[in-house]
Amino acid sequence: MNIIDAYLSDNFILEQDFLSGNACSLDELVIWQKNKIFPLPSYITENIYSVISFFGEHNINKSNKWYAKGLCDWVNLVREYSYDHNKLKNLFFYRYENKIKELQQLGIYDNETDYSQVMEEAWNHFLDGTYGVCTKDNSPEQIAVKGVAIRVIDRITEKQLRKSIPESDMNTLITSVNLLDEVSSMFAPHERERSSRKRCIELVRSKYLI
């Protein structure tokens, strides 16, 4: 098993295992995705291998779809909310907004952000599988923390262009980086150098927080 397959196996669940573990058929899942009430897979791997015998060579293409493990909870919500798109979207917004309010109590906020637009974009990225890649459990709460923390980090550090951080901003920066660390995935090996974890956690800590 290569390092990417090992990462996916440790942190995600194959579609067939996801379906059997949640008593869901593939047809159901496809309908949920078409109706925009359930995310697409975060990763798709394509494996091509050859079978060689006396009769010659035959190529086989095997595709695997990988889902965030945290989505098992969303399956229950899809059923609880009767497969209703608007109810599920409003639930996502409600949970996202509540987490924003919690962060504000910690002093982690961005007054310049239009959160109605941000939540709409977050919902769409949730559905296309993006947040399964970059958060640990793909929940609305972790998605909210990730978005706010990155905006605060980028504002304070001017996207890591500042030479130093004023003492008055240091506690906010430390808290934001730690919060982001708590919710961010490790990212697949081939993605890490270009990831938000690398830019907003590792580089910020090495440059400003040593």
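Overall, the range 125-210 carries a charge dipole of about 340 debye about its Cα centre when +1 sits on the Cβ of Lys and Arg and -1 on the Cβ of Asp and Glu, all other atoms neutral. Residue ranges 46-58, 128-140 sort as 128-140, 46-58 when ordered by packing (mean number of other C-beta atoms within 10 Å per residue, highest first).
Helices in the chain, meaning DSSP H runs of at least 4 residues, each add -39500 (n - 2.57). Divided by all residues, the mean residue ellipticity at 222 nm is -17000 deg cm²/dmol. Net charge near residue 48, counting Lys/Arg +1 and Asp/Glu -1 over other residues with Cβ under 13 Å of its Cβ? Spelling it out: positives minus negatives among the neighbours equals -1. Residues whose amide H falls under 5 Å from that of residue 12, counting only those 5 or more places apart or on a different chain, are absent, with hydrogens built in the peptide plane. For the range 166-210 and the range 13-80, compute the distance between their C-alpha centroids and round to whole Å. Cα centroid to Cα centroid, the span is 32 Å. Here the Karplus curve 6.51 cos²θ - 1.76 cosθ + 1.60, taken at θ = phi - 60°, turns the phi angles of the range 149-160 into couplings of 4, 5, 5, 5, 4, 5, 5, 5, 8, 6, 6, 6 Hz, with x standing for Gly and Pro. Between the labelled values [x] 2.50; [y] 1.19; [z] 2.56, the entry that holds Cα Rg over 2.2 N^0.38 Å as derived from this structure is [y]. Per-residue Cβ neighbour counts within 10 Å put 119, 1 in the sequence 1, 119, beginning with the fewest. Within the same chain, lysines fewer than 8 places from residue 159 are excluded, and of the rest, those with a Cα less than 29 Å from its Cα are 99, 101, 136, 146, 198, 207. Take every Cα pair under 8 Å whose residues are at least 6 apart in sequence, average their separation, divide by the length of the range 49-122, and the relative contact order is 13 percent.
Highest mean packing comes first when the peptides 200-208, 23-31, 161-169 are listed by Cβ atoms within 10 Å, giving 200-208, 23-31, 161-169. Near residue 91: Cβ cut-off under 15 Å, other residues only, Lys/Arg at +1 and Asp/Glu at -1. The net charge is 0. Quick one: compute the contact order of the chain, relative version, from alpha carbon pairs under 8 angstrom and 6+ residues apart, as a percent. Once divided by the residue count of the chain, the mean separation gives 20 percent. Highest mean packing first, where packing is the average number of other Cβ atoms within 10 Å per residue, the peptides 177-188, 146-157 line up as 146-157, 177-188. Residues with beta-carbon under 13 Å from that of residue 65, excluding residue 65: net charge, scoring Lys, Arg +1 and Asp, Glu -1? It works out to a net charge of -2.
A short reminder: the numbers here are calculations on the coordinates, not readings from a lab. Bear in mind that the values here come from a model prediction, so they are computed numbers and not experimental data. Virtual Cβ from ideal backbone geometry, glycine too; neighbours counted across all protein chains shown.
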